[in-house]
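Shown next, in structure tokens, is the structure this report addresses.
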Amino acid sequence: MDFLEYIELHRKQVYDKICEYIPLKEPIGHYKITREYIDRQGSYRRPGLVMLMAQLYGAKPEDALLPAAAQQLSEDWILIQDDIEDDSELRRGFPALHKKYGIVHAIDASDTGQIAMWRMLKDYIIQAGVEKGNRLYEKFYDMMSYTVDGQYIENTFIQDTKDLSKANESLYFRIADSKTCFYTVYGPMQLGAIVAGQGEETLELLKKVGENAGIAFQITDDILDMTADEKKFGKKNFGDLYEGKLTLIILHAYESATPEEKAKIDEIYRKKRADKTKEEIDYLREIIEKYDGIGYARSVAEKYGEKANELVKQYANTIPKNEYTDIIISAMQKLYKRDK
């Protein structure tokens, strides 16, 4: 069994648990809107990592179900806000919530998701006991807080800075560490380990592995924004260019460009999403292709992905040997070798 098969094995359990906390009730219109992203169902990678790590270290799937459901629900309500901030057109293959129902109803739906998420975590404290429950709650809180920090830093660049000459790879990696490494990879892994009663030494090990896998995941996400089949990816292509996001792809192209090309890139990046024309996006794509921005980003993703794999093997003596060990290795690969 690989990681994607493992996710599918537990997907329904996680989804059903979320629906217990956000049932379709009165006012029915509000809860139907709130359930849209939940019912569309994402990749479930994050809850998959929570449950997988818990089982790797000896816990039962049901022990990790509430934290896994809270992890997935956090993604569902955060994406509503992300889509509003980015003015995204699509989410999971369908119109973004604010495009379909308006910003006000979308915000209400996001608030309801967040409230239910914290309720799940409170119920987990009751289920697991105060010591373990509070430990997991604090880790979850730290993960969410750091994610919002990354969102602020990224939005500051998009909304205020709007200048690639004032950006560098260090800024890109800082954003990725906040928004992706902790939230998408080592945070969920640490939550699963806490469910299984693991100590701080194990959590630090998982952080080292997850930092590298998370960078690989984010760079791959940036590449897919440029290259993926929209139906598989569930979002319109070139969203990062329209939104003016910082990626290794555009950074590499910008640093390689002539002064004249840089001036034109700067002019386009200063514009709001709605003001950018297709011709301007096509120009950015041409510059990226000219300087092989995607090839450069892909090579960096491979480097970080392989580093994650090396660390898993390096720490093999401290990782339990059971039916879940190979799935963990598969999980690290599936984070950056993917098409959606």
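The values are calculated or read from the model by the stated rules, or taken from the named source; none is laboratory data. Since we're looking at a predicted model, the values are computed, not measured. We place every Cβ from the backbone using ideal geometry, glycine too, and count neighbours over all the protein chains shown.
Considering each of Gln55, Gln13 in turn, give the residue that is modelled with pLDDT of 95 or more, surrounded by fewer than 22 Cβ atoms within 10 Å (Cβ to Cβ), of a type in the set (S, T, N, Q) and in a helix (DSSP H, G or I).
Checking each option against the conditions leaves just Gln13.
Within the bounds of segment 74-92, is there any residue that is crowded, with 21+ Cβ neighbours inside 10 Å and in a loop (DSSP other than H, G, I, E, B)?
Yes.
Mind telling me which of the residues Ala96, Ala68, Ala106 ends up being under 23 Å from Lys271 (Cα atoms), among the aliphatic types (A, V, I, L, M) and buried (at least 19 other Cβ atoms within 10 Å of the Cβ)? Outline the logic, then answer.
Working: Ala68 fails: under 23 Å from Lys271 (Cα atoms); Ala106 fails: under 23 Å from Lys271 (Cα atoms).
After ruling out the rest, the residue left standing is Ala96.
Would you be able to say whether some residue in segment 26-33 is within 20 Å of the chain's Cα centre (by Cα) and either buried (at least 19 other Cβ atoms within 10 Å of the Cβ) or among the small types (Gly, Ala, Ser) (or both)?
For segment 26-33, residues within 20 Å of the chain's Cα centre (by Cα) and either buried (at least 19 other Cβ atoms within 10 Å of the Cβ) or among the small types (Gly, Ala, Ser) (or both): absent.
Given segment 228-340, what helices (runs of 4 or more DSSP H) lie entirely inside it while holding 1 or more residues that are farther than 30 Å from Tyr57 by Cα?
230-233, 239-243, 248-256, 259-269, 278-290, 293-314
Give Ile7, Ile18 a once-over and let me know the one that is in contact with a Gly (Cβ under 6 Å, 6 or more places away or on another chain) and outside any loop (DSSP other than H, G, I, E, B). Talk me through it step by step, then tell me what you get.
On the way: Ile18 fails: in contact with a Gly (Cβ under 6 Å, 6 or more places away or on another chain).
Result: Ile7 is the single residue among Ile7, Ile18 that is in contact with a Gly (Cβ under 6 Å, 6 or more places away or on another chain) and outside any loop (DSSP other than H, G, I, E, B).
Quick one: which helices (runs of 4 or more DSSP H) lie wholly within segment 100-203 and hold at least 3 residues that are of a type in the set (Asp, Glu)? Let's see the steps before the verdict.
On the way: elements: 103-128, 130-156, 169-176, 187-195.
Ranges flagged: 103-128, 130-156.
Can you name the residue in segment 250-274 that is closer than 20 Å to Asp160 by Cβ and of a type in the set (Ser, Thr, Tyr) and is also modelled with the highest pLDDT among such residues?
Tyr254
Within segment 143-166, restricting attention to residues that are in contact (Cβ under 8 Å) with a residue 40 or more places away in the chain and of a type in the set (Asp, Glu), which residue is nearest to Leu251 (Cα to Cα)?
Out of the qualifying residues, it is Asp163.
Please go through (1) within 28 Å of Glu201 (Cβ to Cβ); (2) without any contact (Cβ under 8 Å) to a residue 40 or more places away in the chain for Pro47 and return the number of the only condition it doesn't satisfy.
Failed condition: (2).
Test of understanding: among Glu280, Glu267, which residue is out of contact with any Phe, Trp or Tyr (no Cβ under 7 Å at 6 or more places or on another chain), over 30 Å from Tyr37 (Cα atoms) and surrounded by 15 or more Cβ atoms within 10 Å (Cβ to Cβ)?
On the way: Glu267 fails: surrounded by 15 or more Cβ atoms within 10 Å (Cβ to Cβ).
Step by step, each of Glu280, Glu267 is checked, and only Glu280 is out of contact with any Phe, Trp or Tyr (no Cβ under 7 Å at 6 or more places or on another chain), over 30 Å from Tyr37 (Cα atoms) and surrounded by 15 or more Cβ atoms within 10 Å (Cβ to Cβ).
For segment 293-329, give me each residue that is among the polar types (S, T, N, Q) and surrounded by fewer than 15 Cβ atoms within 10 Å (Cβ to Cβ). If you could, list the steps in order and put the result at the bottom.
Going through segment 293-329, the residues among the polar types (S, T, N, Q) turn out to be 299, 309, 314, 317-318, 322, 325.
Of everything in segment 293-329, those that are among the polar types (S, T, N, Q) and surrounded by fewer than 15 Cβ atoms within 10 Å (Cβ to Cβ) turn out to be Ser299, Gln314, Asn317, Thr318, Asn322, Thr325.
Against the condition touching a Ser or Thr at 6+ places or on another chain (Cβ under 9 Å) and buried (at least 17 other Cβ atoms within 10 Å of the Cβ), how does Lys290 come out, does it pass?
On the way: touching a Ser or Thr at 6+ places or on another chain (Cβ under 9 Å): yes; buried (at least 17 other Cβ atoms within 10 Å of the Cβ): no.
It is false that Lys290 is touching a Ser or Thr at 6+ places or on another chain (Cβ under 9 Å) and buried (at least 17 other Cβ atoms within 10 Å of the Cβ).
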